[in-house]
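First up is the structure itself, then whatever we jot down about it.
What follows draws every value from the coordinates through simple rules; no lab data is involved. Here the structure is a predicted model, which is why all the values come from computation and not from measurement. Cβ: placed from backbone, ideal geometry, glycine included. Neighbour counts: every protein chain shown.
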Amino acid sequence: MNVSGKDMTMSRRGFLGSLFKGAACIAAATSLPRLAFAAWNEKAFKAETLEGALSSKYPGLEIVDSTAIKLKAPAIAENGAVVPVSVKTNLPDVKTISLFVEKNPSPLAVTFHLTPLNVADVSIRIRMGETSNLIAVVESGGKLHRVQQEVKVTIGGCGG
Amino acid sequence: MKIKAKVKKDITKVKMLIKHPMETGRRKDQDGNVIPGLYITEVSASHNGQPVFHAEVGQAVSKDPYMAFSFKGGVSGDKISITWIDSSGATETGEAAIK
Amino acid sequence: MGLVKLTLKIKSGLILAGLLALSGIASADAGNKAGLDYKAMVQQDVRDFQDYFKKRFSQVEFSEYKNGVYAIDAASREQWLEMEDFPPYEFAVDDGEALFETPFANGKSYADCFANGGESIRQNYPYFDSKKGEVITLELAINNCREANGEKPLAYKNGALAVLSAYMASTSTGNVFAVSVPDEAAYQAYSEGKEFFYSKRGQLNFSCADCHMRVAGQKLRADITSPALGHPTGFPVYRAKWEEMGTLHRRYAGCNKNIRAKPLPAQGRAYRNLEYFQSVMSQGLEVNGPSSRK
C-alpha cells in the first residue's frame, strides 16, 4: 500500500497501514486477525500493461489456455462502469483467481485468494474503460490457466 | 455494507454490497480538479473465525463494490464476518448469519 | 403539429394514427366537454395504447412491462438480472427509510401527510387534485409535505428526494396502478400530457412516441429504446450512468436534451401532465420502483 506523503499518526490507521507492507506479513498472517492475508500487490495494480501486470502478480509462472474455466461476462456491456463478471472452475487446488482488463489504464482489476474451504466460484462488478479483452487466470497446480473474452463497451446513444 | 449468505447442499454462497465511492483518482470535478483516489484495496471474510475469502482489489472495481464467493462447511445460523480496508486506511466490518 | 407527417412502417400504424388523431381532437375541443364520458374515452385510449404493444411484442407477458427495456431485449435483460442479484439501489432504499422516519423540526413527520402513513401508496400517484386544479405527483407531494411543515423543499432530480421516493415506492411493490381521470379538468391535464407525448420536439424532431412506440425495441445508436408502456412504474431508478438514484422527471429532462429540445423544469406542469398521461396508460401494471437501469 502506498503510504508515502501521508501523515500516519499513531492510530488504527497507522497500525493497519503497517500490516500491508511486504510479503513478510504472509508469515505473520496466521497470528493476526483476518485482514493481513496477503499484501496488496502495488506493483501489479499499478502496472500499465497486461504483460507487466501478469509478470508482477505472477512472476515466473507458466500460462496455458484452459477449457476448464467458465468466464461469464456480457458480450456488450450495458455500462462500462458496472460490468458483471463471474469465474467458475473445477480445476483442482485453486490458489488465486485474477481478472485483467487489457485496455484499462491499470489492467489488473482484482485477485481472489481462495482457501481449501472455497469452491472456485467468484463474482464481481468491474469497470471497463473501452472495448477490451477480459482475461481470467486461475492459479492451480503451479500454473496459470487462462481464458479470455472480448467485452464491447459502447458510448450510449440515449444519455440524459 | 450489506451481506447475504445462504447455504444449499453444504455450499454457502456469500454476496456482499459495500458502500464505497471507489474513486480511481483519474476523475476530475466540475472545476477541472482531480478528485483524489479513494478505493478499497482488500476485502476478507471469515466463517467461525476461519478465513474463507480474501480479495486484493484495484481501481477497476465498480463503485459500491459487489462481490460473491462460495465455501464448504457452513451451516444455517453460522456467522460470516467481512472486513474491508481502503487506500486511506479506513476500514469497516460487517456481519451476517447464514440463512 | 406535424403528426400526420410521421411515416408509419409497422402494421399497427393504424392504431398509432388513430391515437395521434384523437390527440388532435382533444385539444380542438378543449372548450366543449359537456356530456362527454371522459372515463370511457380514457379507457379507449388505454386499450388502444396497450394493444399496440401487445401486438408489437407478442411474446412479452403484460406484467413484464414494469421492467422497461429488459422486457423486450434478452441481452441487456441478462446483465440486468445479474445486477438484480444484489441491486445497487438497496443502499438508497435504506437511506430513504431513514429520512422518511426522521421527524421535521416541528415534531411532525412524512407519515402525517400521507394516507396509510405513507406506506403502500405509490400506485395512487399521480392524481388530479380538483381543488388545486393540477396533477399531484408523489414527489411533488413529498415537497408539499415538507413545506406545509416548515421545511425547505428538496431538489427534484436526485439526492434526498430521490431516495425518499425510492423508499416509498419500495413499500408499494406489487400494488397495481389504476390512475383515474375523473372529470373535465383532469381530462384537460391528461390531454396535455398526451399531446406532449405525441408531439415532435427538438432539433432532432422526435416525439416520445417516435422512440418509445414506433421504434421501441430497435437500436437508436448504441441503445435499444424502451417501450413507453410501463415507463413510470419502475421509477425512481438507479441508473448506472448516474451512479445514483434519479427521478422520472430527471429522465424526462435528459431525454429532451438528447433530442436537442429544451429540458423543462422537473415537477413543472408539462412533465407532471406527461407523467399523468403515462401513468394512466400503465393501468394494470405493478409498482416496480426503485429499479436499476443502465
#### Entry: Subset of the range B:38-51 [more than 8 Å from every other protein chain (Cβ to nearest Cβ) and over 14 Å from the mean Cα position of the chain (by Cα)]
B:L38, B:N48, B:G49
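May I ask you to list the residues in the range B:3-18 that are charged (D, E, K, R), more than 9 Å from the chain's Cα centre (by Cα) and either assigned to a strand (DSSP E or B) or closer than 23 Å to B:A60 by Cα (or both)?
The first filter runs over the range B:3-18 and keeps only residues charged (D, E, K, R), leaving B:4, B:6, B:8-10, B:13, B:15.
Imposing the further condition that a residue be more than 9 Å from the chain's Cα centre (by Cα) reduces the set to B:4, B:6, B:8-10, B:13.
The answer is B:K4, B:K6, B:K8, B:K13.
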### Task
Read through the list (1) β-branched (V, I, T); (2) part of a loop (DSSP other than H, G, I, E, B); (3) in contact with a helix residue (DSSP H, G or I) (Cβ under 7 Å, 6 or more places away or on another chain), then give the number of the only condition that C:I142 fails.
(2)
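Any residue at all in the range C:102-117 that's more than 14 Å from every other protein chain (Cβ to nearest Cβ), surrounded by 14 or more Cβ atoms within 10 Å (Cβ to Cβ), at positive phi and free of Cβ contacts under 8 Å to residues at least 60 places away in the same chain? Let's see the steps before the verdict.
Taking the range C:102-117 as the starting set, the residues that turn out to be more than 14 Å from every other protein chain (Cβ to nearest Cβ) are C:102-117.
With surrounded by 14 or more Cβ atoms within 10 Å (Cβ to Cβ) added as a condition, the list becomes C:104, C:108-114, C:117.
Filter again for at positive phi, leaving C:117.
So of that shortlist, the ones also free of Cβ contacts under 8 Å to residues at least 60 places away in the same chain come out as C:117.
Within the range C:102-117 (the criterion being more than 14 Å from every other protein chain (Cβ to nearest Cβ), surrounded by 14 or more Cβ atoms within 10 Å (Cβ to Cβ), at positive phi and free of Cβ contacts under 8 Å to residues at least 60 places away in the same chain), the answer is yes, since at least one residue qualifies.
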### Residue satisfying condition, being surrounded by fewer than 18 Cβ atoms within 10 Å (Cβ to Cβ) and in contact (Cβ under 8 Å) with a residue 24 or more places away in the chain, within set B:K63, B:K6, B:K28, B:K13
B:K6
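Restricting to the range B:55-68, give me the number of residues that are outside any loop (DSSP other than H, G, I, E, B), under 27 Å from A:K43 (Cβ atoms) and touching a Lys or Arg at 6+ places or on another chain (Cβ under 8 Å).
Step one: filter the range B:55-68 for residues outside any loop (DSSP other than H, G, I, E, B), giving B:55-57, B:61, B:66-68.
Those left that are additionally under 27 Å from A:K43 (Cβ atoms): B:55-57, B:61, B:66-67.
Then drop every residue that is not touching a Lys or Arg at 6+ places or on another chain (Cβ under 8 Å), which leaves B:61, B:66-67.
Of the residues in that region, 3 qualify.
Each row is one residue, and each column tells you yes or no for (1) at the interface with chain A (Cβ under 9 Å from one of its Cβ atoms); (2) assigned to a loop (DSSP other than H, G, I, E, B); (3) under 14 Å from A:V110 (Cα atoms).
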position: B:F53; (1), (2), (3): yes, no, yes
position: B:S70; (1), (2), (3): yes, no, no
position: B:G77; (1), (2), (3): no, yes, no
position: B:S81; (1), (2), (3): yes, no, no
position: B:I85; (1), (2), (3): yes, no, no
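Considering every residue within the range C:192-201, establish whether at least one is without any contact (Cβ under 8 Å) to a residue 60 or more places away in the chain, farther than 26 Å from C:K131 by Cα, surrounded by fewer than 24 Cβ atoms within 10 Å (Cβ to Cβ) and in contact with a strand residue (DSSP E or B) (Cβ under 7 Å, 6 or more places away or on another chain).
Taking the range C:192-201 first, the residues without any contact (Cβ under 8 Å) to a residue 60 or more places away in the chain are none.
Looking for residues that are without any contact (Cβ under 8 Å) to a residue 60 or more places away in the chain, farther than 26 Å from C:K131 by Cα, surrounded by fewer than 24 Cβ atoms within 10 Å (Cβ to Cβ) and in contact with a strand residue (DSSP E or B) (Cβ under 7 Å, 6 or more places away or on another chain), one finds none in the range C:192-201, hence no.
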#### Entry: Which numbered condition C:L154 misses (of (1) part of a helix (DSSP H, G or I); (2) away from chain A (no Cβ under 14 Å); (3) within 27 Å of B:M1 (Cβ to Cβ))
(1)
### Subset of the range C:118-139 (residues that are crowded, with 19+ Cβ neighbours inside 10 Å and not in a helix (DSSP H, G or I))
C:I121, C:Y125, C:P126, C:F128, C:V135, C:T137
### Query
How about the range C:233-294: which strands (runs of 3 or more DSSP E) wholly inside it have at least 3 residues that are not hydrophobic (A, V, I, L, M, F, W, C)?
C:291-293
### Message
Just to be sure before I move on: is B:D31 assigned to a loop (DSSP other than H, G, I, E, B) and at the interface with another protein chain (Cβ under 7 Å from one of its Cβ atoms) in the structure I sent?
### Response
no
### Query
Which of the residues that make up the range C:202-225 are under 24 Å from A:I76 (Cβ atoms), without any contact (Cβ under 8 Å) to a residue 60 or more places away in the chain and away from every other protein chain (no Cβ under 14 Å)?
none
